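All remarks here apply to the structure that follows.
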Amino acid sequence: QKVTPPARNPCAGALASSVRAQGFLAGGVTFCQLVPMRSIPFKAVCMLGLNDGVFPANDSPLGFDLMASKPRAADRSRRNDDRQLFLEALLSARQRLLITYVGQSIHDGKPLPPSVLVSELLDHVARSCRLPDENLGDALSRTERFEARLMVRHPLKAWSPRYFGAST
């Protein structure tokens, strides 16, 4: 009897490639920071670590920064720069967008919110899109229905029964 090999992960070939790429966009998978003016279209864009309080960065000026004590309308804000970078990354995604954040506390398992930008994106999607089952009388809000449809919540521990086929 002929044995067929298991289906390969499409990313495995790109990651296992022995070719050493130099510079941006030289290989099949590119890891980079969010950099201004790098909004080149990609099939998939993955943004990792968009935790609340981490992204967008807080403006914490240095003690000797005299401009920060009296800000003016046209002064740069790191927080606003991060918001712009987030929007540029969204526009770069053509087929897939993956956003990750730590969704629960490691100490007590309580839910943790995502970045303000991720919450705003979910709210905007809920306001501007419609689900096929929109007319159902559901107790959930529109945003909660979109979160249930779009978000994947992983268990806190790698040995969770959910990863081994249990329904919990």
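Does segment 84-96 hold any residues that are under 21 Å from VAL116 (Cβ atoms), of a type outside the set (A, V, I, L, M, F, W, C) and open to solvent by 70 Å² or more (accessible area, probe 1.4 Å), and which are they?
If we filter segment 84-96 for residues that are under 21 Å from VAL116 (Cβ atoms), which is where we start, we get 84-93.
Next, from what is left, pick out any that are of a type outside the set (A, V, I, L, M, F, W, C): 84, 88, 92.
Hit for segment 84-96 is GLN84, nothing else.
For segment 38-71, name all the residues that are over 20 Å from PHE86 (Cβ atoms), at pLDDT below 80 and either in a loop (DSSP other than H, G, I, E, B) or open to solvent by 100 Å² or more (accessible area, probe 1.4 Å) (or both). I'd like the intermediate steps shown before the answer.
At the first step, the residues of segment 38-71 found to be over 20 Å from PHE86 (Cβ atoms) are 61-71.
Then drop every residue that is not at pLDDT below 80, which leaves 61-63, 65-69, 71.
Correct list: PRO61, LEU62, GLY63, ASP65, LEU66, MET67, PRO71.
Looking at segment 111-122, can you tell me whether even one residue there is in a loop (DSSP other than H, G, I, E, B) and open to solvent by 50 Å² or more (accessible area, probe 1.4 Å)? Spell out how you get there, then give the answer.
Initial filter on segment 111-122 (in a loop (DSSP other than H, G, I, E, B)): 112-113, 115.
Cutting the leftovers down to open to solvent by 50 Å² or more (accessible area, probe 1.4 Å) gives us 112-113.
The answer is yes; a qualifying residue exists.
Take ARG149 and tell me if it is among the basic types (Lys, Arg), under 29 Å from SER39 (Cα atoms) and touching a Pro at 6+ places or on another chain (Cβ under 6 Å). Steps first, answer last, please.
Numbers: among the basic types (Lys, Arg): yes; under 29 Å from SER39 (Cα atoms): yes; touching a Pro at 6+ places or on another chain (Cβ under 6 Å): no.
When the stated conditions are applied, ARG149 does not pass them.
So PHE86 passes all but one of these: (1) among the aromatic types (Phe, Trp, Tyr); (2) part of a helix (DSSP H, G or I); (3) modelled with pLDDT under 80. Which condition number does it fail?
Unmet condition: (3).
Go through (1) over 30 Å from ARG96 (Cβ atoms); (2) under 28 Å from the mean Cα position of the chain (by Cα); (3) not aromatic (Phe, Trp, Tyr) for LEU66 and report which single condition fails.
Only one criterion in (1) over 30 Å from ARG96 (Cβ atoms); (2) under 28 Å from the mean Cα position of the chain (by Cα); (3) not aromatic (Phe, Trp, Tyr) is unmet by LEU66, namely (2).
Could you please let me know if SER160 is open to solvent by less than 40 Å² (accessible area, probe 1.4 Å), in contact (Cβ under 8 Å) with a residue 12 or more places away in the chain, small (Gly, Ala, Ser) and out of contact with any Leu (no Cβ under 9 Å at 6 or more places or on another chain)? Before you say what the answer is, go through the steps one by one.
On the way: open to solvent by less than 40 Å² (accessible area, probe 1.4 Å): yes; in contact (Cβ under 8 Å) with a residue 12 or more places away in the chain: no; small (Gly, Ala, Ser): yes; out of contact with any Leu (no Cβ under 9 Å at 6 or more places or on another chain): yes.
Spelling it out, it is not the case that SER160 is open to solvent by less than 40 Å² (accessible area, probe 1.4 Å), in contact (Cβ under 8 Å) with a residue 12 or more places away in the chain, small (Gly, Ala, Ser) and out of contact with any Leu (no Cβ under 9 Å at 6 or more places or on another chain).
Does segment 72-91 hold any residues that are small (Gly, Ala, Ser) and within 13 Å of the chain's Cα centre (by Cα), and which are they?
Here is the first cut: in segment 72-91, the residues small (Gly, Ala, Ser) are 73-74, 77, 89.
Matches in segment 72-91: ALA89 only.
Which ones in segment 72-83 are more than 18 Å from PRO114 (Cβ to Cβ) and part of a helix (DSSP H, G or I)? It would help to see each step written out before you state the result.
Filtering segment 72-83 for residues more than 18 Å from PRO114 (Cβ to Cβ) gives 72-78, 80-81.
ARG78, ASN80, ASP81 - these are the residues of segment 72-83 that are more than 18 Å from PRO114 (Cβ to Cβ) and part of a helix (DSSP H, G or I).
Does ARG96 fit the bill of being within 20 Å of the chain's Cα centre (by Cα), basic (Lys, Arg) and part of a strand (DSSP E or B)?
Answer is yes for this residue.
The values are calculated or read from the model by the stated rules, or taken from the named source; none is laboratory data. Predicted model only: the values in this text are computed from it and were never measured. Because the Cβ atoms are built from the backbone with ideal geometry, glycine has one as well, and the counts that use them run over all protein chains shown. What goes into the accessible areas is simple: the full protein's heavy atoms, side chains included, and nothing from ligands, DNA or RNA. Shrake-Rupley method; radii C 1.70, N 1.55, O 1.52, S 1.80 Å.
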